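Right, one structure below, let's go through it.
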Amino acid sequence: MRHTLTHAPQFYVTAPQPCPYLHGRAERKLFTALHPGNAQELNNALSRQGFRRSQNVLYRPSCESCVACMSARIRVRDFAPNRTQRRVRNRNADLNRVATSAWATEEQFELFRRYLDGRHADGGMADMDIFEFAAMIEETPVRTRVIEYRGKGILPGDPMTDPDLAAVCLTDVLDDGLSLVYSFFDPRLEARSLGTHIILDHIELARETGLPYVYLGYWVPGSRKMDYKARFGALEIYKGGVWQDIGNPADHSDEAHPLAVDPIVEQVARIDLP
């Protein structure tokens, strides 16, 4: 179904499908296409309103009977790592950050396949081939970087020669922050907590470049897959059309009644466009 505003992008709604985060629920997305002419401006504006990018599409959950998915971001200025996060940072002090252009490599794809096979073998991306992987990385009309994390001799039995690729994050550069589009890491290095390390390093990278936020994607109360995001301090969620401090995560566990979900037309009408 298509919804339009005068002199504005066209918005569409996907058909309901099983929710990947909450068992027994159905998800639906509101989305619009990114075009080269104003892609960066639109990505900036809609990211501040809870949208996420996937290739040349911006999307936001718009489920018929649930509002559990909430965009999350960290206030860089106010963030201070807790004891566990400091340990993760120290544990990965031997890794180097390498920022590259949005260009896929076979080495990245091999790491991606190990990650999926080890962590998400039954997920929606499990059947992705190298061409689909390249599209995920390279089809971007906005400012995007691939952030690699490498270290010498970090895998058991590996010689201290060329740095091994430990983790990768596809990252959009917004006017007010860094947006983690997708990240993956070597499951053989699970003890390093590389998912946490990627977020901690992006906070440091945003601090170095004067950007106020790190966008983490969606946080879903009640989803074990998303619990780790609530462990970061200075976390905000986009709820009820505004950014607010997460406070006590348990306070956001209430389900929305179907009649409380606004119609799609009203949701679209409230979107601020550049």
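Looking only at residues in the range 192-233 that are of a type in the set (Gly, Ala, Ser) and touching a residue at least 12 places away in the same chain (Cβ under 8 Å), the one that is surrounded by the fewest Cβ atoms within 10 Å (Cβ to Cβ) is Gly233.
Can you spot a residue in the range 10-23 that is under 18 Å from Val261 (Cα atoms), out of contact with any Pro (no Cβ under 6 Å at 6 or more places or on another chain), at pLDDT below 90 and not in a strand (DSSP E or B)? Full working, then the answer.
Pass one, the range 10-23, residues under 18 Å from Val261 (Cα atoms): 11-17, 19, 22.
Next, only the ones that are out of contact with any Pro (no Cβ under 6 Å at 6 or more places or on another chain) stay: 11-17, 19, 22.
Retained after the next criterion (residues that are at pLDDT below 90): 19, 22.
Then keep just the ones that are not in a strand (DSSP E or B); that gives 19, 22.
There is at least one residue in the range 10-23 that is under 18 Å from Val261 (Cα atoms), out of contact with any Pro (no Cβ under 6 Å at 6 or more places or on another chain), at pLDDT below 90 and not in a strand (DSSP E or B).
Checked against (1) farther than 24 Å from Pro9 by Cβ; (2) in contact with a strand residue (DSSP E or B) (Cβ under 9 Å, 6 or more places away or on another chain), Thr84 meets all criteria but (2). Among the numbered conditions (1) loosely packed, with under 13 Cβ neighbours inside 10 Å; (2) touching a Phe, Trp or Tyr at 6+ places or on another chain (Cβ under 8 Å), the only one that Phe51 does not meet is (1). Before we move on, is Asp201 within 18 Å of the chain's Cα centre (by Cα) and not β-branched (Val, Ile, Thr)? Spelling it out, Asp201 is indeed within 18 Å of the chain's Cα centre (by Cα) and not β-branched (Val, Ile, Thr). Specify which of the listed residues (Arg60, Arg150, Arg114) is surrounded by 16 or more Cβ atoms within 10 Å (Cβ to Cβ) and in contact (Cβ under 8 Å) with a residue 40 or more places away in the chain. Only one candidate qualifies: Arg150. Check whether at least one residue in the range 28-51 is outside any loop (DSSP other than H, G, I, E, B), more than 27 Å from Asp176 (Cα to Cα) and in contact (Cβ under 8 Å) with a residue 12 or more places away in the chain, and report yes or no. No, the conditions are met nowhere in the range 28-51.
The values are calculated or read from the model by the stated rules, or taken from the named source; none is laboratory data. The structure displayed is predicted, hence computed values, not measured ones. Cβ coordinates were reconstructed from backbone atoms using ideal geometry, including for glycine residues, and neighbour counts include every protein chain displayed.
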